[in-house]
1. How do the helices (runs of 4 or more DSSP H) wholly within region 115-187 filter down when requiring 1 or more residues that are in contact with a Leu (Cβ under 9 Å, 6 or more places away or on another chain) and of a type in the set (Gly, Ala, Ser): which remain?
2. Restricting attention to region 56-90, and to residues there that are in a helix (DSSP H, G or I) and of a type in the set (Val, Ile, Thr), which single residue is surrounded by the fewest Cβ atoms within 10 Å (Cβ to Cβ)?
3. Have a look at GLN79, GLN22, GLN32 and point out the one that is out of contact with any Lys or Arg (no Cβ under 8 Å at 6 or more places or on another chain) and modelled with pLDDT of 90 or more.
4. What single numbered condition from (1) on the phi < 0 side of the Ramachandran plot; (2) at pLDDT below 90; (3) of a type outside the set (Gly, Ala, Ser) fails to hold for ILE104?
5. Go over the candidates THR133, THR148, THR173 one by one and state the one that is modelled with pLDDT of 90 or more and either in contact with a Gly (Cβ under 7 Å, 6 or more places away or on another chain) or hydroxyl-bearing (Ser, Thr, Tyr) (or both).
6. Does ARG172 satisfy being among the charged types (D, E, K, R), farther than 21 Å from ILE56 by Cβ and surrounded by fewer than 19 Cβ atoms within 10 Å (Cβ to Cβ)?
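The values are calculated or read from the model by the stated rules, or taken from the named source; none is laboratory data. Computed from a prediction, not measured in an experiment: that's the story for all the values here. Methodologically, a virtual Cβ is constructed for each residue, glycine included, from the backbone with ideal geometry; neighbour enumeration extends over all protein chains shown.
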Amino acid sequence: MIKKFLFFGALLTLFGFQASAQQTPVTSDSEQKILIAYYSVSGNTEQVAEAIQKDIGGDLYQIKTVSAYPTIKKELLSQAKREISVGYRPKLEKPLPDISQYDIVFVGSPCWWGTIAPAVSSFISDKRLAGKTVVPFITHSGGGEQNTLNDFKRQCQNCLVKDGGWIGYGNRTFGLADWLKDLGFTK
């Protein structure tokens, strides 16, 4: 029986589910304004952000860096590794959204070298999210979440980062609607 439970739990984690018992529902009334900010190079995180918007509404904002990342995967990974190892925060394109008008901010990032992408670190590091509820969602290409959710909590100072962020492989949104429902979000 325990083996079946562990196997089922591993499958749920693999496909992006998080245990809803650990999550505190977020009240989703029509008065709350939602921003869905995301960074995406390959398009995977963008597709998940669009699926979230389709399910619950809200405004989309794509986080963009002033300098583009390489399109060749090996070069991209090499640059990302260097940047993450030194804590580099790239400059972001303007205009940035007026966060003050939002109650809840979903923030999406690919998992690069076990953590959030440097562009997302730039987005959350300037204290604009202070006092906001932040709901992280992560995409990966096989490495899982690693340190991403802990790094969100560490970097996002003075905001409430929801436990149990959504973790998905590539652009697959399997379990996304259920995760949003478990958090209390409906359109």
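1. Numbers: elements: 118-125, 148-155, 176-183.
By residue number, 118-125.
2. If we take residues in region 56-90 being in a helix (DSSP H, G or I) and of a type in the set (Val, Ile, Thr), then VAL86 is surrounded by the fewest Cβ atoms within 10 Å (Cβ to Cβ).
3. GLN79
4. Evaluating ILE104 over (1) on the phi < 0 side of the Ramachandran plot; (2) at pLDDT below 90; (3) of a type outside the set (Gly, Ala, Ser) leaves (2) as the failure.
5. Testing whether each residue is modelled with pLDDT of 90 or more and either in contact with a Gly (Cβ under 7 Å, 6 or more places away or on another chain) or hydroxyl-bearing (Ser, Thr, Tyr) (or both) leaves just THR133.
6. Numbers: among the charged types (D, E, K, R): yes; farther than 21 Å from ILE56 by Cβ: no; surrounded by fewer than 19 Cβ atoms within 10 Å (Cβ to Cβ): yes.
When the stated conditions are applied, ARG172 does not pass them.
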